[in-house]
Amino acid sequence: MLFLDRKQPQAEQLARKAVRRLSQADPALASLIRQIGPCRLGRAGRNNHFAALVEAIVYQQLAGKAAAAIFSRFRALYSSRRFPTPEELDRTPEKQLRSAGLSPQKISYLKDLSRRILDGSLKLRHLSPMEDEEIIGHLTQVKGIGRWTAEMFLIFSLGRLDVLPVGDLGILKAVQKAYRLRALPSPQRLEQMGRRWQPYRSVASWYLWASVDGK
C-alpha cells in the first residue's frame with residue numbers, strides 16, 4: 001500500500017523514485033516529466049476526511065470559481081472557524097443550505113453522507129488501513145459519491161500512489177495529446193496503457209493533468 005505524505009521526510013525521496021521509474025517505463029511520459037519538472041503531488045493539508053468529502057460533493061460538476069464561492073458561503077453558515085461536524089450539518093435546515101447556493105440534489109448528498117457517519121454505516125476513521133478498492137466500495141455507498149470522487153479522495157486525501165482515474169476527461173485528453181492518438185482512448189485502453197505506470201499511477205495521473213492544466 002503506497003502513499004505519499006509531504007509531511008514525512010521520506011516523501012521527497014519516494015516522489016523522486018516514482019519519477020525515475022515512470023521515466024524509465026514510458027518515453028512519452030518521460031517527455032512530459034522533463035517539461036513539467038518535479039512532482040508536486042502530495043496529500044491535501046486537511047486530515048478531516050468528512051470535510052474532504054463534503055468539499056468534493058460541493059465541487060462536483062461545477063467550474064472551480066463557482067464551486068469555491070459556494071463552498072465559502074457554506075463554511076460561512078457556521079460561526080465556528082472549524083469545519084462543521086456531521087451532526088451540525090445534519091441539523092442545518094435545507095433552506096439555509098440552499099441560501100449558500102447548494103442545489104437540492106447536493107443537499108441530499110451531504111445529508112446522506114452525514115447520516116451514514118452518524119449511524120455508523122460509514123466509518124471514516126477506519127478507511128486508512130483499507131485497500132484502495134475496498135475504500136472505493138465503502139465510499140460509493142453514499143449518495144452522490146461515485147468512483148471518480150472516491151478516486152480523488154484516495155489520491156488527494158489519503159495520498160495513495162497507485163490510482164488511475166480512467167474516466168477522468170482531463171487525463172483522457174492528456175493521453176490523446178501525449179501519445180498522438182486520433183481520438184480519446186477508451187477507459188479500457190487507458191487501463192491497459194497504465195499498467196506500465198504501476199505502482200505509481202497517481203504520479204503519472206498528476207503529470208498528465210499538469211500537461212493540460214489551463215489549456
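Any read-out appearing in this document is the output of simple, stated calculations on the displayed coordinates, not a laboratory observation. Only a predicted model underlies this, so the values are computations on that prediction, with no experimental measurement involved. Ideal geometry is used to build each Cβ from the backbone, glycine not excepted, and the neighbour counts take in all protein chains shown.
Observations, loosely collected:
- Cross-link partners of Lys123 among aspartates and glutamates, defined as those whose alpha carbon lies under 19 angstrom from its own and excluding same-chain residues fewer than eight positions apart: Glu55, Glu87, Glu88, Asp90, Asp112, Glu131, Asp132, Glu133, Glu134, Glu151.
- MRE, 222 nm, helices only [DSSP H, n ≥ 4, -39500 (n - 2.57), over the chain, to nearest 500]: -17000 deg cm²/dmol
- Placing unit charges on the Cβ atoms only, positive for Lys and Arg and negative for Asp and Glu, gives region 49-156 a dipole magnitude near 620 debye about its Cα centre.
- For q = 0.10, 0.16 Å⁻¹, Debye-computed log10 I/I(0) when each Cα of region 57-179 counts as one equal scatterer: -0.37, -0.90
- Cβ-Cβ FRET estimate between Thr140 and Arg182, R0 fixed at 30 Å, reported to 0.05: 0.35
- Translational diffusion of the chain, µm² s⁻¹ [Kirkwood Rh, Cα pairs; Stokes-Einstein; 10 °C; 1.306 mPa s]: 86 µm²/s
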